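> Can you read through this structure? Questions will come right after.
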Amino acid sequence: MDRRTFMSAAAVGLAGSWLTRYGPALRGQASDAQVEILVNEPIGTIAPDIYGHFIEHLGGVIYDGIWVGEGSPVPNVRGIRKALVDELQKIKPPVIRWPGGCFADSYDWRDGIGPAVSRPRRTDFWADTPPSHKRPPTDGPQRWDPNTFGTREFIRFCRLAGASPYIAANVRSLPAKDFYQWVEYCNAPAGATTLSDMRAAAGDVEPFNVQYWGVGNEPWGCGGNFTPEEYATEFRRYTAWVPRFGVPIKYIAAGPNGGDREWTTRFFRTLTARGQGALNSVYGWALHYYCGSTGDRNSVRFSTDEWYDLLVRADRMESLITQHWSAMAESDPKHRVKLIVDEWGAWHAGAADMPPNYLWAYPGSLRDALVAALTLDTFNRHADKVVMANVAQMINTIHSLFIAHEDKFAVTPNFHVFEMYAAHQGGQALRTVFSAPSIAFAREGRAQALWGLGGSASLTDKVLTVTVVNTHATDSRDCSIVLKGATVREGSATVLTSTDLTAHNSFDRPAALVPRESAVAVRSGELRHIFPAASVTRLRLTLA
Ligand code: AHR
């Protein structure tokens, strides 16, 4: 077995295919894998914000997905889709990022305040994006933004969901003055300024107290085509002397795309050129990483090799975190600034049965659930580094947890992973060692390898939550679970799996893929568990 405390996919690849050589002979034997949980080796507290979300004025995310309107026949809470609010409450969403994405750097926040009837209609940033499933775009709110969903509707949505708001401000097309006036509109007490009185007149006397403010989005691309030096200068300027109104504002700097380590190095070098004090204004450095798709990008049609291929691509998150963390250390050796991953997920083509303007709307399959699970496990294992992450996006696009159209609504397999993993929020992440056969597969005719079993563990009081991903498409793993430094009294398991790798939910079959509960055998403190093929499992173990 390869024994790992989590190595990169590349490193595991070097281990070769253990399974191909020895796997068949071992099937049926006593134990073919082991998980060690080192209870006395805490990593750090898992920031609940790691389980955060992202919504953008893109396709069917805001209009129809979230906002159906107060007079809609679709059940709603003051204009917001009720089924969505009900499901969100089950997963404890800690934070929601809005209004983009690329849309953020084209958005004028003044368009989305005041009475809805007098708000202007604008061209959406994504208006000219061709639908990925090759049907002609149609007119509608996905192209022309009616601005019915603005700041107060966003705050309403966050409050209904029980989440903190995270606003990404426009750096490409609005001056710094607009940034601090948006902060003032949100956070100044009623009666203090003309802007806070406008908020109060619209019905929100209490300030919104928004803490998280993103300074632009993807400044290396749609956010302004800046160099890292230019963006560092803009970041300093936008965050200088913004009135706080007693709110502990946390600025989030828009970081690199995937593995662009140089962006990180150069931003921090410029930011700190006039002293380390500048680091105090950065709460988080926000990385984006989409692991993409495979083959013809169909989310529910792929080969077994493509199953593994996507999981390997997703597993790259591990090395991205360590790579950018070390680049940050060159200018910030004490790591005052933490990492944020405010866009992540797989990204397939849109499904043909979703409206053509709902860009990249698809149901997601069991494969995407494994992407979600192994990514969240990665964040848990780096709880000392990562303080927030936002899956892209919440509904009707990319790695979504929900699909909706008019009165139709369904949760995707990703939702179930978030529901299972919510138990990690605020827990103490513990070091783990997973040992299991690695798996061989081919990408474009070249041999590749993927680890067989991975996961993370956290402790909250006497409850140990262990989440485990079995990546093998056909083989279950009979695993002994060894706790170092504690004894288990009892346990239960929740598992999401199917013999069909492409299993997914749809409007017609919303419960085609749901988790199941089972018991965990504990004998004299010893634990054995069979992790089914192609599965995500959450163990809840009560310690003696
Ligand atoms: O999530 C979709 C888009 O992907 C976002 O708007 C942008 O930030 C990223 O490139």
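The values are calculated or read from the model by the stated rules, or taken from the named source; none is laboratory data. Values in this document were obtained by computation on a predicted structure and should not be read as measured data. So basically every Cβ, Gly included, is an ideal-geometry build from the backbone, and we count neighbours across all protein chains shown. Areas reflect the complete protein model, heavy atoms only, side chains present, ligands, DNA and RNA absent. Shrake-Rupley method; radii C 1.70, N 1.55, O 1.52, S 1.80 Å.
> Around VAL341, which amide H atoms from residues at least 5 apart in sequence, or from another chain, sit under 5 Å from its own amide H, with H modelled in the peptide plane?
Answer set, sorted by chain and number: LEU287, MET388, ALA389, ASN390.
> Sort largest first and round to whole Å: the equivalent ellipsoid semi-axes of the chain, each the square root of five times a Cα gyration tensor eigenvalue. If you can, show how the numbers build up before the last one.
Values: eigenvalues 300, 140, 100 Å².
Result for the chain: semi-axes of 39, 26, 22 Å.
> Roughly what % antiparallel, to the nearest 5, for the DSSP beta bridges in the chain?
Values: 65 of 106 bridges.
Percentage antiparallel, nearest 5: 60.
> Expressed as an acute angle from 0 to 90° and rounded to the nearest 10, what is the orientation of the C-alpha long axis of helix 304-315 relative to the principal long axis of the chain?
So the inclination is approximately 60 degrees.
> With all protein chains present and a 1.4 Å probe, how do TYR421, TYR289 order by accessible area, largest first?
TYR289, TYR421
> Please tell me which of these pairs span more than 21 angstrom C-alpha to C-alpha: LYS90/LYS338; LYS82/LYS250; LYS90/LYS408?
LYS90/LYS338; LYS82/LYS250
> Using 0.36 nm per residue, how much length does the chain from GLU330 to GLN276 gain when fully extended, once their Cα-Cα distance is taken away? Mind showing how you got there, number by number?
Values: separation 54, 0.36 × 54 = 19.44 nm, distance 1.18 nm.
Stretched fully, the GLU330-GLN276 segment lengthens by 18.3 nm.
> Could I ask something else about it? Zone of SER319 (label point 7 Å along Cα→Cβ, backbone N under 11 Å): which residues in the range 335-356?
none
> Shifting gears a bit: What do you get for trypsin sites (Lys or Arg not before Pro) in the range 436-544 restricted to DSSP loop and a cutoff of at most 16 other Cβ within 10 Å of the site's Cβ?
LYS462
> Per residue of the chain, what 222 nm ellipticity follows from adding -39500 (n - 2.57) for every DSSP H run with n ≥ 4, rounded to the nearest 500?
Roughly -7000 deg cm²/dmol at 222 nm, from the helical runs in the chain.
> How big is the accessible area of LEU483 in square angstrom, nearest 10, if you roll a 1.4 angstrom probe over the protein chains?
Counting only protein heavy atoms, the figure is 30 Å².
> A further question on this structure: Would you mind getting the Kirkwood hydrodynamic radius of the range 206-315 from its Cα pairs, rounded to one decimal in Å? All intermediate terms of the calculation are to be shown ahead of the outcome.
Numbers: mean 1/r = 0.0616 Å⁻¹.
Answer for the range 206-315: a Kirkwood hydrodynamic radius of 16.2 Å.
> Could you work out, for the range 348-441, what percent of all Cα-Cα pairs fall into each 10 Å distance bin, beginning at 0 Å and stopping at the bin that holds the largest distance?
Distribution as computed: 14, 40, 29, 15, 3 percent.
> Along Cα→Cβ, 7 Å out, is where each label goes; now give me the distance between the ones at LYS408 and ARG301 in nm to one decimal.
1.8 nm
> Residue by residue through the range 159-166, which ³J(HN,Hα) values in whole Hz follow from phi under the Karplus form 6.51 cos²θ - 1.76 cosθ + 1.60 (θ = phi - 60°), with glycine and proline marked x?
With the stated coefficients, the range 159-166 comes to 5, 5, 7, x, 10, 7, x, 10 Hz.
> First compute the accessible area of the chain with a 1.4 Å probe, then give the percent of it belonging to carbon and sulfur atoms. If you can, show how the numbers build up before the last one.
Details: 10090 of 19830 Å².
Accessible surface attributable to carbon and sulfur in the chain totals 51 percent.
> For LEU359, what accessible area in Å² do you get when you roll a 1.4 Å probe over the heavy atoms of the protein chains, rounding to the nearest 10?
10 Å²
> Still on this structure: Taking the convex hull of the Cα atoms, report for the range 405-468 its projected area averaged over all directions, in nm².
For the range 405-468, averaging the hull's shadow over all directions gives 7.9 nm².
> Can you run phi through the Karplus equation (6.51, -1.76, 1.60; θ = phi - 60°) for the range 93-109 and list ³J(HN,Hα) in whole Hz, with x for Gly and Pro?
Result, rounded to whole Hz: x, x, 7, 10, 8, 7, x, x, x, 4, 4, 4, 7, 10, 8, 9, 4.
> Kindly state, to the nearest 0.05, the FRET efficiency for ARG443 paired with TRP241, given R0 = 45 Å and r defined as their beta-carbon distance.
With R0 = 45 Å, the Cβ-Cβ based efficiency is 0.30.
> Distance from the Cα centre of the range 454-474 to that of the range 494-521, in angstrom?
Taking the Cα centre of the range 494-521 as reference, the centre of the range 454-474 is 17 Å away.
> Give the long-range amide H neighbours of GLY427: residues separated by 5 or more places, or on another chain, with amide H under 5 Å away, using H modelled in the peptide plane at 1.01 Å from N.
Those qualifying (amide H under 5 Å, at least 5 residues apart or on another chain) are ILE46.
> So for GLU36, GLU406, GLU419, what's the accessible-area order with a 1.4 Å probe, most first?
Correct descending sequence by accessible area is GLU406, GLU419, GLU36.
> Another one. What does the accessible area per residue of the chain come to in Å², with a 1.4 Å probe and no ligands, DNA or RNA counted?
Counting only protein heavy atoms, the per-residue value for the chain is 36 Å².
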